Amino acid sequence: MNKRDNAVVLDLIQYIYKHRNAKDTIEGIIQWWISNEPRFKWRKEEVQATIDFLVSKGWLVVRHNHVSPQKIYAVNKERVEEMEAFLARYKD
């Protein structure tokens, strides 16, 4: 992962670590989970790649909505300690 990819990962993990009941679609994640400062304007492809990475690590789980075909992403509460350890490596 490059530096920009790491920034997206950190932004998302910081959010989900603080909001352990968070659940949303890709559009909701872009709107609500990611910092709204101008320097944090991520492309949808970058966010989706990051979500896919977090799903592959087991830090996010995918649920399917029966009403629409959209995927719902949620925090895997069983893996919060791993996320905490990851964040600890990037503390100032």
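Coordinate-derived values only; no laboratory data. Everything numeric here is computed off the predicted structure, so don't read it as measured data.
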The chain: most fluctuating residue of LYS77, LYS18, LYS44 per GNM, C-alpha cutoff 10 Å: LYS18
Which labelled figure in (i) 14.1; (ii) 13.4; (iii) 16.2 is Kirkwood radius over Cα pairs in Å, once derived from the coordinates: (ii)
